[in-house]
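Novice: My questions all concern the structure below.
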Amino acid sequence: MDTRSVISLTKIISILALTLNFTGVYAQEAADFWDKVRFGGALGLGFGSGYTDVSIAPSAIYQFNDYAALGVGVQGTYVHQKDYYDSYIYGGSVIGLFNPIREVQLSVELEQLRVNLNVDEAYASYYTSLNFKDRDFWNTAVFFGAGYHMDNVTVGLRYNVLYSKKDLVYSDALMPFVRVYF
């Protein structure tokens, strides 16, 4: 056998041994994984005179330990203002949570949303100087947050460092939040 054959055979045996080792442990690790997953999210309803805002945003986090968690979420929102516009917003996010002490939760969240804005023709023609028109665009947000954490609930504020008045998604860079995970 030449040196290349010995190296190849060694690689194959090593990969096989690792695969068999991980397979035996996988069932226990899968059960442990799901024990550390927590589910939550948000529901939002807003109604007014000719105004409707409906949001749903389920999410899940993996709780590494008492101090750190990482998760993902999806979001869907419908906003309607009679005689002005309809908007469909959907997308996803990744969130990291850190509890330096039990009562304090710090967070960082990356959110990517697709916005479909359909402007009423009469409204658009009346405000031609503002250039209101149908638009489809992506909006990226990066939030840094801090909140008071108690059991499954955190109440706090988050700040969008990429906020722009032109993005037509959020009315302000600073927003309150209530985060719930079970």
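Novice: Asn118 is checked against (1) closer than 30 Å to Leu70 by Cβ; (2) modelled with pLDDT under 95; (3) in contact with a Ser or Thr (Cβ under 8 Å, 6 or more places away or on another chain) and fails just one. What number does that condition carry?
Specialist: Going through the list (1) closer than 30 Å to Leu70 by Cβ; (2) modelled with pLDDT under 95; (3) in contact with a Ser or Thr (Cβ under 8 Å, 6 or more places away or on another chain), Asn118 breaks only (1).
Novice: Another one. Name every residue in the range 52-70 that is part of a strand (DSSP E or B) and out of contact with any Lys or Arg (no Cβ under 8 Å at 6 or more places or on another chain), in order of residue number.
Specialist: Within the range 52-70, Thr52, Asp53, Val54, Ser55, Ile56, Ala57, Pro58, Ser59, Ala68, Leu70 qualify.
Novice: Out of the range 73-99, which residues are β-branched (Val, Ile, Thr) and within 24 Å of Met150 (Cβ to Cβ)?
Specialist: Ile95 - this is the single residue of the range 73-99 that is β-branched (Val, Ile, Thr) and within 24 Å of Met150 (Cβ to Cβ).
Novice: Search the range 121-165 for residues being within 30 Å of Asp83 (Cα to Cα) and among the acidic types (Asp, Glu), and hand back the single one that is modelled with the highest pLDDT.
Specialist: Step by step, filter the range 121-165, then rank; the result is Asp136.
Novice: Return a yes/no flag: does the range 93-115 have any residue that is surrounded by 14 or more Cβ atoms within 10 Å (Cβ to Cβ) and modelled with pLDDT under 95.
Specialist: Yes, because at least one residue in the range 93-115 is surrounded by 14 or more Cβ atoms within 10 Å (Cβ to Cβ) and modelled with pLDDT under 95.
Novice: Taking the criterion of being of a type in the set (Asp, Glu), assigned by TED's automatic domain parsing to the domain that holds Ile56, in a strand (DSSP E or B) and within 29 Å of Ile61 (Cβ to Cβ), would at least one residue in the range 85-105 satisfy it?
Specialist: No - not one qualifying residue is present in the range 85-105.
Novice: So which residues in the range 67-86 are of a type in the set (Phe, Trp, Tyr) and closer than 17 Å to Gly44 by Cβ, if there are any at all?
Specialist: Hit for the range 67-86 is Tyr78, nothing else.
Novice: For the range 148-182, give me each residue that is farther than 24 Å from Leu117 by Cβ, polar (S, T, N, Q) and not in a loop (DSSP other than H, G, I, E, B).
Specialist: Answer for the range 148-182, where residues must be farther than 24 Å from Leu117 by Cβ, polar (S, T, N, Q) and not in a loop (DSSP other than H, G, I, E, B): just Thr154.
Every residue, every condition in (1) closer than 19 Å to Gly44 by Cβ; (2) over 16 Å from the mean Cα position of the chain (by Cα), yes or no:
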residue: Tyr88; (1), (2): yes, yes
residue: Glu103; (1), (2): no, yes
residue: Asp120; (1), (2): no, yes
residue: Lys133; (1), (2): no, yes
residue: Trp138; (1), (2): no, no
residue: Phe143; (1), (2): yes, no
residue: His149; (1), (2): no, yes
residue: Val153; (1), (2): yes, yes
residue: Gly156; (1), (2): yes, yes
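Novice: Take the range 67-78 and flag every residue that is surrounded by fewer than 18 Cβ atoms within 10 Å (Cβ to Cβ) and either at pLDDT below 95 or more than 17 Å from Lys36 (Cα to Cα) (or both).
Specialist: Selection gives Val74, Gly76, Tyr78.
The values are calculated or read from the model by the stated rules, or taken from the named source; none is laboratory data. Fair warning: this is a prediction, and the values are worked out from it, not measured in the lab. Methodologically, a virtual Cβ is constructed for each residue, glycine included, from the backbone with ideal geometry; neighbour enumeration extends over all protein chains shown.
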